[in-house]
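Step one of this worksheet: look at the structure below.
A short reminder: the numbers here are calculations on the coordinates, not readings from a lab. Every value quoted in this text rests on a predicted model; they were computed, and no experiment measured them. Note: ideal-geometry Cβ built from the backbone for every residue, glycine included; neighbour counts use all protein chains shown.
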Amino acid sequence: MMMKSFVALAMASVAAARSITVYNGCPFTVWPAYFTSSGGNPSQPTGWQADAFTKVTFDVPTHWDGRIWARRNCNFSGNNGPTSCLDGGCNGGLQCDRSTGTGVPPASLAEFNFDAATNTDWYDVSFVDGYNLPISVTNNVGCPAPDCAVDLGPNCPSDLKGPFDSSGFPVGCKSACYTTSLAGWVDNNPNCCTGSFGTPQTCPRDGVENYWYFKNACPNAYAYAYDESSDSALWTCAGSKQASYTVTFCPPS
Ligand SMILES: *[C@@H]1O[C@H](CO)[C@@H](O)[C@H](O)[C@H]1NC(C)=O
């Protein structure tokens, strides 16, 4: 009897966790990674190699809050720092540091918050940290599925385009926030919604350089920090549906 109730309890806790699948639909290797903001640790290392057309499925805790992205053109031999990849690299190397390994922009993000307070899943595709791969977030319960299936690299405005691989091909498109921050414009930056631009009211989308490049190409993704106002950036799914999600890099267009 003891054994039986233990098994029932263990199964109940497995059912409560959420399942996330990460699929590499790109015809080349990428190195996915995730960062946990709160909620506990998923059942997967924080970074791994994903060969073309392979996937992994793992559990995340019931109220996980975090982000998933993928890194391009990595070489971890002799370099386990953020520059071990052309973009998206993190402190830690192949496995990102759990407290500081958030990833170097530009990087397309899938963001999740399985929120306990509202019993709602909040999720999105975000280019707030720029773009480095086409990406989608789909689910198995018919909730909205944000995506960006187009390659935003080749047509990226020239001041944001890059980094470039050894053949000169752009493997990213930086956000105006990141680009201007690198140039030293950190405070009071309307591209980043900092300082006096720190609220949705004082940081309108039209004050963000190249907002429309990202938003026109991928209308259901975040193109700047307060893009909820577009009503096509932040998505929800009732927590009671216990959705399983798939993050796809290079989804079919
Ligand atoms: C990876 O980096 C190491 C050390 O810098 C280098 O010897 C090797 O050639 C690199 N591998 C590739 C595939 O570029």
Total charge of the residues flanking N210 in space, meaning their Cβ is under 12 Å from its Cβ, with Lys and Arg +1 and Asp and Glu -1, is +1
Sorted from fewest to most neighbouring beta carbons within 10 Å, what does the list E228, E209 look like? E228, E209
Quick one: net charge of G25's neighbours, Cβ under 15 Å, K/R +1, D/E -1? -1
Round to the nearest 10 and give me the degree value, 0 to 90, for the angle of helix 2-16's Cα axis relative to the longest principal axis of the chain. 20
Taking only the alpha-carbon positions of the chain as identical scatterers, the Debye log10 I(q)/I(0) at q = 0.08, 0.10, 0.16 Å⁻¹ comes out as -0.31, -0.48, -1.21
Mean Cβ count within 10 Å, highest first, over the residues of peptides 160-167, 51-58, 219-226: 219-226, 160-167, 51-58
Could you tell me how many cubic angstrom of Cα convex hull volume segment 34-84 has per residue? 96
